[in-house]
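The values are calculated or read from the model by the stated rules, or taken from the named source; none is laboratory data. None of these values were measured; they are calculated from a predicted model. Cβ: placed from backbone, ideal geometry, glycine included. Neighbour counts: every protein chain shown.
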Amino acid sequence: MNTTNLTLNLNRIKEQYPENPIEYFRDKTLCLFKACLEKYFPGVRFGIEDLLLDLGLKVITCANQSCCSGTFFQRNLITRAQFGAINERNLSEINQIADILLFSCNGCYNSLLRGREFLNTPEVRTKTQKILNRLKNQGTGKNYSGKYEISENFKLKFLHDLDFFYLIKNTLLNALKYDLKKMKVAVHYGCHYLNLSRDKDTFDEYLRPKTKLEELITLFGGNPVDYQERESCCGWGASQLVIHPKEALKITFDKLKSAENVGADFLVTPCPTCLYTLSKPEYRDKMQKWYGEKLDIPTIHLNELIAILRGCEEERCITLRRKTPRIEEIFERITQ
Amino acid sequence: MSEKSDSDWNWDFYEELVDDVEANKNIIQCISCGKCVGDCPASKVSNFNVRKVISKVLRGDKSVLRDSDIWYCYLCERCKRVCPKENINIPLLIINLRNESFKKGYGPKYNDLRKYVEMSERFLKTGVVLDEPLGEKLPPDRVEELNEICNFARIKYVFKASKMNKKSKKNSKKLPQK
């Protein structure tokens, strides 16, 4: 399964620090991988950044990081070797300055794991190294040795925000000012968290039902609701929404409708790409036009929700973000 | 229907794909159970059918490259998770088939890719897909590296095609000028 050995071993941390897993992170530098869609939802970045700072952890971003380029790979615009090289460049940069790499986007998380996975194929690895050699020869990377070599053993470990929040849930709970007041919450994991094998060590972990989001919602005083389309795709589908919008938005519609049907007050997701799809007003309008019903269920990113629950200023949570139906209502209901 | 008879059956196509991406060798384990189709978002809204795609590949039927079906895959990896066999990487097979389709000229035409022009351009000029990212920008000399990595990639072709398209728009009197 996980031949890349890139993800943080959460079980080991729980064994080492059964009472207080946050202690593991005390002497570590945590880097936030910058997701492109944070531009539309700044609270996704602020939500985790502010929390980490408040917990007294060392948190940084990497100036030399580029986008993950997953969108181009998934659309056949770059090869596996080129994707691998973009990935290695980012990884070697971040590995120099951090111990843990945190992801607020399923897309980035999948990309960085996948880029590394491709290097297990000898032909791809050779081609990737050739590309990296070209960079080396051009001189931009002469500053330190090993920069453009494919590293066998990174000290850097990957950690998805959702896994992090779940790991430190007791500390997190103590940091909250408000609770969810028994609100009904539909959870959406996103395909590249739900269906991912790359970050798992065993088949058991891969196949077992995922419940971390529901558990967190319960812990926050909410009421996670089961709904028929819980595990379905948001409709983005590696840009299907751009290429075949009518078909893709049917999937989005069914998902949101199914959450509304069980009376969910809002939907929460740990992925900004899913959030973009599920919340964009233009898409809601199109769904109404094509499928005859206006859906107004608010949707929110887990990091934004945690920021609201912690009592952060509205600007650090949702003010600056792309508008979603009734999003302020959720803010007001929680903070009143 | 493009059903092939027994006499047309051969391994050539399968072997070509395995040559290109070794992981594709595992699709031979497919037992046609259809779990992948039952749980597939694309199958709910289009004619995309993983079981058919795999059976065509195993029969040596290259018509799969011409069908528009493969372009409906959501790459959600659900099929990979529900597949009862080990290590059949369907999403990677689809990406591989799309690549072959592209090479043969059956892939999306420029028009289908126009939404990628701006993203490609921004990525190659700034290192990010969307404008004005939060926080600091990638230094210009590091952006150069991305250009070097993407040499000869389709991402550059999309970019050039957009320029050609703008020119041809200017030259064409039929199209309204913006």
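Does the range A:288-302 hold any residues that are more than 15 Å from A:GLU328 (Cα to Cα) and surrounded by fewer than 21 Cβ atoms within 10 Å (Cβ to Cβ), and which are they? Working first, answer last.
In the first step, residues of the range A:288-302 are kept if they are more than 15 Å from A:GLU328 (Cα to Cα); the result is A:288-295, A:302.
If the condition is that a residue be more than 15 Å from A:GLU328 (Cα to Cα) and surrounded by fewer than 21 Cβ atoms within 10 Å (Cβ to Cβ), then A:GLN288, A:LYS289, A:TRP290, A:TYR291, A:GLY292, A:GLU293, A:LYS294, A:LEU295 are the ones that fit.
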message: Conditions first: (1) closer than 30 Å to A:THR277 by Cβ; (2) outside any helix (DSSP H, G or I). A:TYR148 passes all but one, so which condition is the exception?
response: (1)
task: Could you tell me which numbered condition A:PHE33 fails, if it satisfies all but one of (1) out of contact with any strand residue (DSSP E or B) (no Cβ under 6 Å at 6 or more places or on another chain); (2) surrounded by 17 or more Cβ atoms within 10 Å (Cβ to Cβ)?
output: (1)
- prompt: Somewhere in the range A:120-135, is a residue modelled with pLDDT under 95, within 14 Å of chain B (Cβ to nearest Cβ) and in a loop (DSSP other than H, G, I, E, B)?
  reply: yes
field: Residue count, the range A:173-186 (criterion: buried (at least 23 other Cβ atoms within 10 Å of the Cβ) and in contact with a strand residue (DSSP E or B) (Cβ under 6 Å, 6 or more places away or on another chain))
entry: 2
task: Filter the range A:62-109 down to residues that are assigned to a helix (DSSP H, G or I), within 11 Å of chain B (Cβ to nearest Cβ) and aliphatic (A, V, I, L, M) and give me whichever is nearest to A:LYS39 (Cα to Cα).
output: A:ILE86
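Being outside any loop (DSSP other than H, G, I, E, B) and either hydroxyl-bearing (Ser, Thr, Tyr) or touching a residue at least 24 places away in the same chain (Cβ under 8 Å) (or both) is the filter; apply it to the range A:207-219 and report the residue that is farthest from the other protein chains (Cβ to nearest Cβ). Explain how you work it out, then say what you get.
If we filter the range A:207-219 for residues that are outside any loop (DSSP other than H, G, I, E, B), which is where we start, we get A:207, A:212-219.
Still in the running and either hydroxyl-bearing (Ser, Thr, Tyr) or touching a residue at least 24 places away in the same chain (Cβ under 8 Å) (or both): A:212-219.
Numbers: A:LYS212: 17, A:LEU213: 17, A:GLU214: 19, A:GLU215: 21, A:LEU216: 22, A:ILE217: 23, A:THR218: 25, A:LEU219: 26 Å.
Restricting to residues being outside any loop (DSSP other than H, G, I, E, B) and either hydroxyl-bearing (Ser, Thr, Tyr) or touching a residue at least 24 places away in the same chain (Cβ under 8 Å) (or both), the top hit is A:LEU219.
So how many residues does the range A:154-206 have that are in a loop (DSSP other than H, G, I, E, B) and in contact (Cβ under 8 Å) with a residue 24 or more places away in the chain? Give the steps one after another, and end with the answer.
To start, the set of residues in the range A:154-206 that are in a loop (DSSP other than H, G, I, E, B) comprises A:154-156, A:168, A:175-183, A:188-190, A:195-202.
After this cut, where a residue has to be in contact (Cβ under 8 Å) with a residue 24 or more places away in the chain as well, the list is A:154-156, A:168, A:175-183, A:188-190, A:196-202.
Final tally of qualifying residues: 23.
Got at least one residue in the range A:220-235 being part of a helix (DSSP H, G or I), at pLDDT 95 or above and away from every other protein chain (no Cβ under 14 Å)? Steps first, please.
From the range A:220-235, those part of a helix (DSSP H, G or I) are none; that's our starting set.
No, because not a single residue in the range A:220-235 is part of a helix (DSSP H, G or I), at pLDDT 95 or above and away from every other protein chain (no Cβ under 14 Å).
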query: From the set of residues in the range B:104-160 that are in a helix (DSSP H, G or I) and among the basic types (Lys, Arg), which is farthest from the chain's Cα centre (by Cα)?
result: B:ARG142
